[in-house]
Amino acid sequence: MKRIRVVVSLFIMFAFIPLFSQQNNDAKLGSIKNPIIIEIDKLPQIDSLSPSRSNTIFREYQNIIESNSKAISSGRQPEILFFKYKNTENFTFQGLAARCCINQETLATLNRIENAQDDIKNRTLILPCTNGIFVAVDKGINSIEVLLQKNYSTENLTKGGLYYTIDGVEFVFLQKVRFSPTERAYFLDSALCLPISSDSYWVSSEFGKRRSPFSGQIKNHNGIDLAAAEGTPVYAIKDGAVYSVVSDNPEFGNYIILSHDAGKMTSVYAHLSKVVVEQYQNVKKGQTIGYVGHTGMATGSHLHFEIRKGGKAEDPALRLNLKK
């Protein structure tokens with residue numbers, strides 16, 4: 001068994017030799033030069049997170065984590081190494097972090113995971129061997145990245161910061177740092193906000209096939225209609241960016257499309273009387289983006305609301321806590 005461990009250790013050591021380049025210790029967030037480059041296809045592959053005796057790569061990974069923990073406790077520097085793992089065993093994000101003995105914020109920020117409820121089935125993840133947070137240098141692609149960038153934008157990260165390019169993305173790694181209470185709240189809160197206050201609407205038309213009130217034909221209704229008084233505020237259901245603002249569309253009138261999670265999900269808000277955001281503007285969950293109206297093809301004042309994932313319409317009632 002000792003011989004096997006030596007072989008695995010040598011494999012890991014040589015796997016990392018060509019990955020590192022000289023780092024610049026004078027860099028700050030947004031001005032990194034010569035970061036350490038990590039090539040994912042050269043990382044040691046963990047095939048299973050089963051703690052069996054025959055699973056030598058995962059056992060070596062656990063040994064490094066344990067050794068790093070002892071090193072930090074005694075004031076020594078840990079080995080900052082990386083492995084990769086494809087989640088074919090269908091771990092939840094929380095379950096994966098627990099099995100690897102790595103903090104959730106470390107795994108999340110390294111793998112650009114927005115919240116603890118994200119689906120990571122069949123996803124290839126990078127597994128680090130020591131704890132901290134990875135702050136993306138380029139434009140954040142989700143709410144937690146944007147928040148971290150804002151919180152650390154004025155920090156001098158020269159001391160204690162390591163700089164990496166991982167899969168083409170630049171990061172500052174802050175060893176032993178944990179999420180602040182606000183950052184943790186963002187990470188744990190995956191619920192979507194209602195687009196209209198719960199006491200201000202009633203569902204006038206549900207998702208699915210229905211008879212058009214104008215043509216009388218049976219058509220797909222790709223969203224839900226929330227009847228509400230003219231001028232009722234309309235809210236962004238989730239952090240995102242304004243993908244499009246359209247005025248006087250023959251069907252939807254004035255409407256907004258928001259992009260969430262780097263375009264993985266979009267939300268549509270139609271028949272608005274007024275729009276108060278602009279294209280490309282970043283918005284926060286619960287922010288007022290417009291007001292209910294009856295522009296376009298509308299028989300009365302209401303909000304037509306859609307959720308799309310991968311370009312496919314989903315029933316918003318499955319994602320929102322709607323009252324009927």
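Residue by residue, here is whether (1) in contact with a helix residue (DSSP H, G or I) (Cβ under 6 Å, 6 or more places away or on another chain); (2) open to solvent by 40 Å² or more (accessible area, probe 1.4 Å) holds:
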{"residue": "122", "(1), (2)": "no, yes"}
{"residue": "130", "(1), (2)": "yes, no"}
{"residue": "137", "(1), (2)": "no, no"}
{"residue": "147", "(1), (2)": "yes, no"}
{"residue": "150", "(1), (2)": "no, yes"}
{"residue": "168", "(1), (2)": "no, yes"}
{"residue": "171", "(1), (2)": "no, no"}
{"residue": "185", "(1), (2)": "no, yes"}
What do you reckon, is residue 248 open to solvent by less than 20 Å² (accessible area, probe 1.4 Å) and either free of Cβ contacts under 8 Å to residues at least 24 places away in the same chain or not in a loop (DSSP other than H, G, I, E, B) (or both)?
no
Out of the residues in the stretch 275-286 that are part of a strand (DSSP E or B) and open to solvent by 30 Å² or more (accessible area, probe 1.4 Å), which is modelled with the highest pLDDT?
275
Being within 26 Å of the chain's Cα centre (by Cα), within 29 Å of residue 147 (Cα to Cα), surrounded by fewer than 17 Cβ atoms within 10 Å (Cβ to Cβ) and of a type in the set (Phe, Trp, Tyr) narrows it down to one residue among 235, 243, 269, 255; which is it?
243
If you go through the stretch 287-294 one residue at a time, do you hit one that is in contact (Cβ under 8 Å) with a residue 24 or more places away in the chain, closer than 16 Å to residue 191 by Cα and open to solvent by 20 Å² or more (accessible area, probe 1.4 Å)?
yes
Of all residues in the stretch 175-191, how many are under 28 Å from residue 73 (Cβ atoms) and either of a type in the set (A, V, I, L, M) or assigned to a loop (DSSP other than H, G, I, E, B) (or both)?
6
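Residues checked against (1) part of a loop (DSSP other than H, G, I, E, B); (2) β-branched (Val, Ile, Thr); (3) out of contact with any helix residue (DSSP H, G or I) (no Cβ under 8 Å at 6 or more places or on another chain):
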site	(1), (2), (3)
77	yes, no, no
95	no, no, yes
102	yes, yes, no
110	no, no, yes
115	yes, no, no
119	yes, no, yes
Tally the residues that are touching a residue at least 60 places away in the same chain (Cβ under 8 Å), of a type outside the set (S, T, N, Q) and open to solvent by less than 60 Å² (accessible area, probe 1.4 Å), restricting the search to the stretch 31-81.
14
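Conditions (1) part of a strand (DSSP E or B); (2) crowded, with 16+ Cβ neighbours inside 10 Å; (3) touching a residue at least 12 places away in the same chain (Cβ under 8 Å), marked per residue:
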{"position": "273", "(1), (2), (3)": "yes, yes, yes"}
{"position": "296", "(1), (2), (3)": "no, yes, yes"}
{"position": "300", "(1), (2), (3)": "no, no, yes"}
{"position": "320", "(1), (2), (3)": "no, yes, yes"}
Filter the stretch 121-156 down to the residues that are among the hydroxyl-bearing types (Ser, Thr, Tyr) and assigned to a helix (DSSP H, G or I), then identify the one that is nearest to residue 73 (Cα to Cα).
152
Residue, most open to solvent (accessible area, probe 1.4 Å), within the stretch 97-108, restricted to residues that are at negative phi and free of Cβ contacts under 8 Å to residues at least 40 places away in the same chain
98
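The values are calculated or read from the model by the stated rules, or taken from the named source; none is laboratory data. Computed from a prediction, not measured in an experiment: that's the story for all the values here. Cβ sites come from the backbone with ideal geometry, for glycine too, and all protein chains shown count toward neighbours. In case anyone asks, the SASA skips ligands and DNA or RNA and just uses the protein heavy atoms, side chains included. Shrake-Rupley method; radii C 1.70, N 1.55, O 1.52, S 1.80 Å.
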